[in-house]
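Data block below; observations after.
The values are calculated or read from the model by the stated rules, or taken from the named source; none is laboratory data. Since the structure is predicted, the reported quantities are computational estimates derived from the model, not experimental observations. Ideal geometry is used to build each Cβ from the backbone, glycine not excepted, and the neighbour counts take in all protein chains shown.
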Amino acid sequence: MTENVQKDFYILPNESPVVPLNCSEAFENLNDKEKQYAHYIGKACVEGSLITFFQVSVESPAMFAIIHQIFSHETVDDVKSRALASGWTDDEFAALLVFSAGFLANSGNYKSFGDTKFIPNVDKAKLTKLFLESKAFSKNQKLQNAWKIIEDRIFSLDPKHLGLNYPNEGVTTYLSPNITQADVKLVDEFLKNCY
């Protein structure tokens, strides 16, 4: 079913930039009350953003947990050392980091602009081996189970998995399975007439 899909279109290039946001100077110019406010509003934003993973795709919450736990239990350098020792190339490891950064930045495995899926540019068997040999997976059987459930979906290039859309036209966990564009239009018109 994926014969006609151009795989490169669904891979984030290794040259994708990760741009740090330096806000330390601005933060230092705040008074204590403003700093406390900024801290708690930032914390609320991070905590509140977790729901987005559930709204993007069925596999996103588990993939978030896996990425978070892998890099919480081991440093990037430790994961890289294990990967290279298992036969990964530097480019493959860079691809894992780019996928992970893209996943976290988009709150799931679909681009927040364009709603197009992206997949890891790493062989599924190599990625599975890296995960299974991680400290996180050795400490938490639930991560192993979660990966078994989502691994095919993470790599799927099935046309119905390539974009976010209404049910039967793409992927959605935000909308109920039986909602149509006509339903949304009806509700929209009703609400516009209420106000």
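In region 88-120, which residues are part of a helix (DSSP H, G or I), in contact (Cβ under 8 Å) with a residue 12 or more places away in the chain and either in contact with a Lys or Arg (Cβ under 7 Å, 6 or more places away or on another chain) or more than 15 Å from P17 (Cβ to Cβ) (or both)?
D91, E92, F93, L96, F103
A quick yes/no check of all residues on (1) surrounded by 16 or more Cβ atoms within 10 Å (Cβ to Cβ); (2) in contact with a Leu (Cβ under 9 Å, 6 or more places away or on another chain); (3) within 20 Å of H68 (Cβ to Cβ); (4) not acidic (D, E):
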site	(1), (2), (3), (4)
S100	yes, no, yes, yes
N121	yes, yes, no, yes
K135	no, no, yes, yes
T173	yes, no, yes, yes
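Yes or no: L130 touching a Ser or Thr at 6+ places or on another chain (Cβ under 7 Å) and either modelled with pLDDT under 95 or over 24 Å from V19 (Cα atoms) (or both)? Lay out the reasoning, then the answer.
Numbers: touching a Ser or Thr at 6+ places or on another chain (Cβ under 7 Å): yes; either modelled with pLDDT under 95 or over 24 Å from V19 (Cα atoms) (or both): yes.
Criteria met by L130.
I'd like to verify a number: residues in region 73-87 that are small (G, A, S), touching a Lys or Arg at 6+ places or on another chain (Cβ under 9 Å) and part of a helix (DSSP H, G or I), how many?
1
Looking at (1) assigned to a helix (DSSP H, G or I); (2) out of contact with any helix residue (DSSP H, G or I) (no Cβ under 6 Å at 6 or more places or on another chain); (3) touching a residue at least 12 places away in the same chain (Cβ under 8 Å), which is the only condition I179 fails?
(1)
Tell me which residues, restricted to region 22-50, are within 19 Å of the chain's Cα centre (by Cα) and either surrounded by 11 or more Cβ atoms within 10 Å (Cβ to Cβ) or of a type in the set (S, T, N, Q) (or both).
Those that are within 19 Å of the chain's Cα centre (by Cα) and either surrounded by 11 or more Cβ atoms within 10 Å (Cβ to Cβ) or of a type in the set (S, T, N, Q) (or both): S49, L50.
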